[in-house]
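Trainee: So that we are looking at the same thing, I have put the structure below in structure tokens.
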């Protein structure tokens, strides 16, 4: 039985579902001068989410790592708090005003809301008793600061699961970076992560 479980633990399938209005992923495009961008992020967990602080910390690390490596925007700053409030709780009007003011005004705002980041277990009737893996849910909005327009509003649900697969929180940062790659589409990053299946 142990050998049977170990055999199946390496067989997983990644699935991604994207709903988008406005610009469609991938969002990164060739530009002579990358736009000056601020990344504003936060979390919106379900009520019974476990280890919220751990997941928020891992999300922050993954977002920082991703935007430091990609090159399609010139990331000026990455923030989750503005004027003592969670950044994603500010209205678009407040965020645009903030983006235009201060010592480092920006051209674009990327708004990220992480809604799910964790291991996943699904129970089934036999012959497959259970399936496990990882799950990421993310909402991405992009505001053009100069025109005050919404360029895209995209929601992403990504799952990488397989029969009898049991995972902890270890791969979660990499999972979130994979999802960000699917949205922004940096080819050099796609090569570093597992491909996303149909």
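Trainee: Identify the residue in segment 40-96 that is loosely packed, with under 14 Cβ neighbours inside 10 Å and under 19 Å from residue 146 (Cα atoms) and, among all such residues, is nearest to the chain's Cα centre (by Cα).
Mentor: 77
Trainee: Would you check which residues across segment 147-166 are assigned to a strand (DSSP E or B), at pLDDT below 75 and in contact with a helix residue (DSSP H, G or I) (Cβ under 7 Å, 6 or more places away or on another chain) and list them?
Mentor: Filtering segment 147-166 for residues assigned to a strand (DSSP E or B) gives 149-163.
After this cut, where a residue has to be at pLDDT below 75 as well, the list is 161-163.
Within segment 147-166, 162, 163 meet the criteria.
Trainee: All but one of (1) modelled with pLDDT of 55 or more; (2) more than 20 Å from residue 18 (Cβ to Cβ) hold for residue 191, so report the exception by its number.
Mentor: Tallying (1) modelled with pLDDT of 55 or more; (2) more than 20 Å from residue 18 (Cβ to Cβ), residue 191 fails exactly one: (1).
Trainee: Hey, among 181, 169, which residue is modelled with pLDDT of 55 or more and more than 16 Å from residue 13 (Cα to Cα)? Talk me through it step by step, then tell me what you get.
Mentor: On the way: 169 fails: modelled with pLDDT of 55 or more.
Among 181, 169, only 181 is modelled with pLDDT of 55 or more and more than 16 Å from residue 13 (Cα to Cα).
Trainee: Moving on. For residues that are outside any helix (DSSP H, G or I), out of contact with any helix residue (DSSP H, G or I) (no Cβ under 8 Å at 6 or more places or on another chain) and in contact (Cβ under 8 Å) with a residue 60 or more places away in the chain, tally how many sit in segment 44-97.
Mentor: Residues in segment 44-97 being outside any helix (DSSP H, G or I), out of contact with any helix residue (DSSP H, G or I) (no Cβ under 8 Å at 6 or more places or on another chain) and in contact (Cβ under 8 Å) with a residue 60 or more places away in the chain: 4 in total.
The values are calculated or read from the model by the stated rules, or taken from the named source; none is laboratory data. Because the structure is predicted, anything quoted here is derived from the model rather than measured. Don't worry about glycine lacking a Cβ; one is built from the backbone with ideal geometry, like all the others, and counts go over all protein chains shown.
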